[in-house]
Amino acid sequence: MNPRVYTVGQINRYIKGMFAGDGLLASVFVSGEVSNCKYHSSGHIYFSIKDSTGTLSCIMFAGNRRGLAFRMKDGDKVVVGGAVDVYERDGRYQLYAKQIRLEGEGELYEKFMKLKSKLEAEGLFDKSHKKPVPAYASVVGVVTAPTGAAVRDIQTISRRRNPYVQLILRPSLVQGEGAAQSIADGIRMLDGLTDVIIVGRGGGSYEDLWAFNEEIVARAIYECGTPVISAVGHETDTTIADFAADLRAPTPSAAAELAVFDCREFRESVRKRETAFRNSLSRKLAADEARIKWYQARLRALSPVSRLRDERRRAADCETAMERAVRERLAAAGRKAEFYASALPDRTAKVLALRQRTFSVLIARMEGLNPISRLRQGYSFVADSGRHAVRSVKQVKKGDRLTIYVTDGTVTAGVEETAEVETYHE
Amino acid sequence: MSEEKKEILEEEELTVEQSFARLDEMVSALESEDVSIEDSFRIYQDGMKLLKKVGQKLDGYEKKMLSLTEDGVLEEFE
């Protein structure tokens, strides 16, 4: 009977399943010395840990790098936390590291956790106690070592962002004997002198950063009346000081960014508001002007003068209409006359001319008959008091009053004497 | 409203944030239709005064880092 044959894949998968079902391997801490440590460009770290009895392959994926707070190198004694699993392709198991710390940190870590819970219970980390960091600090205090990267970084960033902000450094020890006391004293000295205080240091080992995990530092930060920004080590390092601080910056450089406002942004901010002021006022003025103009127009429309003008215009319109009507009528009549004129035969024109002439003669004759025209020739008309024409001497006697009519009026005369002329007869 | 603003202005020493907040209020007041033209001018003048004051936050003097000695004396760092 032939034994059952499996593929490599089947076996590796089977083994992987065994590992996955194991509670211990899913989360385990292993101590050992680092060897073959390689930081890959992808961000993953490949290494082994060994002791006198053997070797364990390890990998820390880039995504878990938060769990490593120092630059790991061969020979380091470390404790690696993670899960042991099978890499099917190579048919081997390895430790997938989630956190790595130097051996000896274990005790410190416990101390850290104990202090953290204690201070937390006391309310030293309460959000309600945290003071806002001023957005526009004029004076920024710094508690850190006078030598080292931290103070340089803060200085550089601050100068770049805003050279008008005053930095005051309180030099202090940041590691070793007396460091915690030095930091706490520094905070107290700067309290009240500055608008905000940066407390921190550059990166280092867990032990290097330990001063920032001391109770007196945490209390000094908590009691400080000035807002405190903590800036200890790298982003991955978290200390008690960070919990107590009003604001935690991942690095000293970042702390400077948070504490020192950017003067260009500030100027821009001021300028923007200035523009807003000018614009809104001129907009308002323009709006008011438009409103005034509207009212002016309305008032003008409603004024008596305007009404008169309206009525006058209406009258003028009527006049124009009438004129047009009359003109049209006249034009029509004219056209009719022209029509008749052209229609009149020649003969009729001659008759008309003759009639015209006759008419003129008659007028001239009538002119001759006009008594006034006689008078014009020097004759006058004499009437007696009864207004009868005096034709004979017999009609009058001495003393009678006569009225003589001339062209422009009458003459009243008295009769002196009468004399009959026998020979005059017409 | 402008009366109250004036008082606050004369109260001095607003922080920069408070000043900016006040300035923003003033701008919206200026943009509001309910504010008379007289008040607008007053707000505008107050605003410009406040802007000037805020602008003085940058005094134009570049600062050297100072170091605070043990005895509380400030001296130039470096």
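At a glance:
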quantity	calculated
Segment A:115-160: number of residues that are of a type in the set (Ser, Thr, Tyr) and in a strand (DSSP E or B)	1
Unique residue being at pLDDT below 80 and surrounded by 10 or more Cβ atoms within 10 Å (Cβ to Cβ) when the list is A:Leu299, A:Leu362, A:Leu308	A:Leu362
So A:Ser172, is it out of contact with any helix residue (DSSP H, G or I) (no Cβ under 6 Å at 6 or more places or on another chain) and within 16 Å of B:Met65 (Cα to Cα)	no
So B:Glu62, is it surrounded by fewer than 18 Cβ atoms within 10 Å (Cβ to Cβ), at the interface with chain A (Cβ under 10 Å from one of its Cβ atoms) and either under 30 Å from A:Ile154 (Cα atoms) or at pLDDT 85 or above (or both)	yes
Residue check for A:Glu103: away from chain B (no Cβ under 14 Å), modelled with pLDDT under 90 and out of contact with any strand residue (DSSP E or B) (no Cβ under 8 Å at 6 or more places or on another chain)	no
Tabulated pairs, segment A:385-400, first in contact (Cβ under 8 Å) with a residue 24 or more places away in the chain and of a type outside the set (Lys, Arg), second surrounded by 10 or more Cβ atoms within 10 Å (Cβ to Cβ) and in a loop (DSSP other than H, G, I, E, B), C-beta under 6 angstrom, 6+ apart or interchain	A:Val393/A:Thr418
Yes/no for A:Ala97 being surrounded by 19 or more Cβ atoms within 10 Å (Cβ to Cβ) and farther than 18 Å from A:Gly203 by Cα	yes
Leading residue by the ranking (farthest from the other protein chains (Cβ to nearest Cβ)) among those in segment B:21-35 that are among the hydrophobic types (A, V, I, L, M, F, W, C) and either in a loop (DSSP other than H, G, I, E, B) or under 13 Å from the mean Cα position of the chain (by Cα) (or both)	B:Ala21
Test set (1) under 45 Å from the mean Cα position of the chain (by Cα); (2) of a type in the set (Ser, Thr, Tyr); (3) not assigned by TED's automatic domain parsing to the domain that holds A:Arg170 - A:Ser138 fails condition number	(3)
All positions within segment B:36-59 that are facing chain A (nearest Cβ under 7 Å) and in a loop (DSSP other than H, G, I, E, B)	B:Lys57, B:Leu58, B:Asp59
Segment A:178-204, subset out of contact with any Cys (no Cβ under 9 Å at 6 or more places or on another chain) and acidic (Asp, Glu), residue nearest to A:Gly233 (Cα to Cα)	A:Asp185
Count of residues meeting criterion [surrounded by 18 or more Cβ atoms within 10 Å (Cβ to Cβ) and away from every other protein chain (no Cβ under 12 Å)] in segment A:180-197	4
Number of positions in segment A:30-49 that are surrounded by 14 or more Cβ atoms within 10 Å (Cβ to Cβ) and of a type outside the set (Ser, Thr, Tyr)	9
Odd one out for A:Pro163, checked against (1) farther than 25 Å from A:Phe243 by Cα; (2) in a loop (DSSP other than H, G, I, E, B); (3) touching a strand residue (DSSP E or B) at 6+ places or on another chain (Cβ under 9 Å)	(3)
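The values are calculated or read from the model by the stated rules, or taken from the named source; none is laboratory data. Values in this document were obtained by computation on a predicted structure and should not be read as measured data. Note that each Cβ is placed from the backbone with ideal geometry, even for glycine, and that neighbours are counted across all protein chains shown.
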